[in-house]
Amino acid sequence: MNRSVLKLSAGRSHDIIVGARLENLGRALSHVVSGRRALVVSASPIARRYARTVLKGLRSAGFETALGLMPDGESHKTMAVVQRLYRHALSAQLDRRSILIALGGGVVGDVAGFVAATYMRGIPFVQCPTTLLAMVDASVGGKTGVDLPEGKNLVGAFWQPKLVWMDMFTLSTLPDRQWRTGIAEIIKYGMMADRALFELLENNDLARLKKSPKFLETLVARSAAIKARVVSKDERETTGLRATLNLGHTFAHAIETVSGYKTYTHGEAVAIGLCAAARLGVCVGTFPLSGVPRVDALVTRWGLSTRVKRALSRPKILAAMARDKKSVNGGFRFVVPVGIGRAKVVAHVPPDIVVRILKEIGL
Ligand SMILES: NC(=O)c1ccc[n+]([C@@H]2O[C@H](COP(=O)([O-])OP(=O)(O)OC[C@H]3O[C@@H](n4cnc5c(N)ncnc54)[C@H](O)[C@@H]3O)[C@@H](O)[C@H]2O)c1
Ligand SMILES: [Zn+2]
């Protein structure tokens, strides 16, 4: 088990426990919150497997419990679902000292977190992530929210959990595609902040990772620690430091948007975006040419693609990138790798360079 502390301003902080067990969450929570009512929010495929264990642990620690189910998947990350969960919270008689537990992937975490941020002007909550992506990314950092028909994550709140509780055994049921999606973010952390992590990935693969709980715990703990460190220094994305977590993401978001979120998972698009960011780093002089085949090889090694499967409309990709919140007038703004293990934001990247990069990733 690995425990780290995410320290925030005004004396706020919380633990991140990697390698915890679901059955022990109730006991741990009884030391963290004063109330004794708990609502577990989850989606059926996850609840079916794991909710009973969490609920049982909560009850034996003295909590009165309820389960609030939401439909599964990104298309249900909506205000309508949030409203339904408010009613679950009311009928479970949750008050401001009660606790809400998000048990699931990033979708459940974002929605349940937003419910916690807004129900009765905010109640305590716990992130209990069950996908690799949610463990290394979505559950840490306090961003909660929902999508609108016009775009992803357009409504939300910063609301920090009281605890992040990761049980690696939940990943035993995760489909390979979801594993790879999380791996893409871990590759990102290696590239932007941790050369040794990058090298660890270069010497391993998915089959070995799934057989080695210790190795898995190491990868998750190091990744979550990088995110926690960045968030603790720039919680609300005001200094530009938190923006470096978006390495590869301007390309990735454009690929996801233009392909209608159907062809690629987020991580699959991020992997392609990392290959693009490496090439862009070469163009702007922050990344060695020899690093490009290294990044491509790592992405391939973990079963991810370095290029898009089929071309998408380049004007649409460029328009999506220009709309991305990371762009500014008169050129594009990107995060680029600075060697392996560091990243920075560069502004005013000329459109012809961007087009050159797009061609290299098949766009
Ligand atoms: N708040 C943040 O900082 C942040 C960061 C990154 C991503 N996100 C958000 O996270 C979401 C993506 O998260 P995700 O990739 O976890 O997707 P997800 O929550 O949709 O989960 C993917 C699928 O895996 C299933 N699943 C979950 N746990 C499982 C398990 N243990 N075994 C078997 N199946 C399981 C889910 O039911 C779902 O069908 C997006 O909405 C994204 O915007 C938020
Ligand atoms: Zn991401």
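Quick note: the coordinates plus some simple rules give every number you see, no bench work behind them. As the structure is a computational prediction, the values presented were derived from the model and not from experiment. Don't worry about glycine lacking a Cβ; one is built from the backbone with ideal geometry, like all the others, and counts go over all protein chains shown.
In summary, region 242-346 shows an alpha-carbon radius of gyration equal to 1.01 times the 2.2 N^0.38 Å reference for compact globular proteins.
Model label sites at ASP15 and MET1, defined 7 Å from Cα along the beta-carbon direction, differ in position by 0.6 nm. Largest first and in whole Å, the equivalent-ellipsoid semi-axes of region 176-360 read 25, 19, 15, each the square root of five times a Cα gyration tensor eigenvalue. Relative to the present Cα-Cα distance, how much length would full extension add between LYS210 and ASP352 at 0.36 nm per residue of separation? Using 0.36 nm per residue and subtracting the Cα-Cα distance, I get 46.9 nm.
Label-to-label distance for SER232 and ALA311 is 4.8 nm, based on points extended 7 Å past Cα in the beta-carbon direction. For region 91-164 versus region 17-31, the spacing of their alpha-carbon centroids is 18 Å. The GNM of the chain, with springs linking C-alpha atoms under 10 angstrom apart, assigns the highest mean-square fluctuation among GLY11, GLY303, GLY331 to GLY11. Scanning the chain for long hydrophobic helices, with DSSP H runs required to stretch 20 angstrom or more by C-alpha along their axis and to average at least 0.5 on the Kyte-Doolittle scale, returns 266-284.
Roughly what % antiparallel, to the nearest 5, for the DSSP beta bridges in the chain? Before the final figure, lay out the partial values.
Numbers: 16 of 39 bridges.
Antiparallel: roughly 40 percent of the beta bridges in the chain.
For the chain, the fraction of C-alpha pairs farther apart than 28 angstrom is 42 percent. Compactness of region 122-167, taken as the C-alpha radius of gyration over 2.2 N^0.38 Å, stands at 1.22. Computed on region 90-179, the Cα convex hull volume stands at 111 Å³ per residue.
Please work out the FRET efficiency for the pair ASP95 and GLU217, using the Cβ-Cβ distance as r and a Förster radius of 35 Å; give the result to the nearest 0.05.
Using R0 = 35 Å, I get an efficiency of 0.45.
How big is the Kirkwood radius of region 145-226, worked out from every pair of different alpha carbons and given in Å to one decimal?
Working: mean 1/r = 0.0683 Å⁻¹.
This gives a value of 14.6 Å.
The value of relative contact order for region 2-173, using C-alpha pairs under 8 Å at least six residues apart, is 25 percent. In this structure, the residue pairs whose Cα-Cα separation is over 19 Å, taken from LYS262/LYS359; LYS77/LYS152; LYS143/LYS210; LYS152/LYS188; LYS188/LYS344; LYS211/LYS309, are LYS262/LYS359; LYS143/LYS210; LYS152/LYS188; LYS211/LYS309. Note on the chain: helix-only mean residue ellipticity at 222 nm, from DSSP H runs of 4+ residues weighted -39500 (n - 2.57) and normalised by residue number, equals -14000 deg cm²/dmol. Across region 65-86, the residues whose backbone nitrogen lies under 18 Å from the label position 7 Å along the beta-carbon direction of LEU154 are 74-83. For region 2-173, the C-alpha radius of gyration divided by 2.2 N^0.38 Å, with N the number of residues, is 0.92. Restricting region 10-112 to trypsin sites (Lys or Arg not before Pro) that sit in a DSSP loop and have at most 14 other Cβ atoms within 10 Å of their own Cβ leaves ARG12, ARG96, ARG97.
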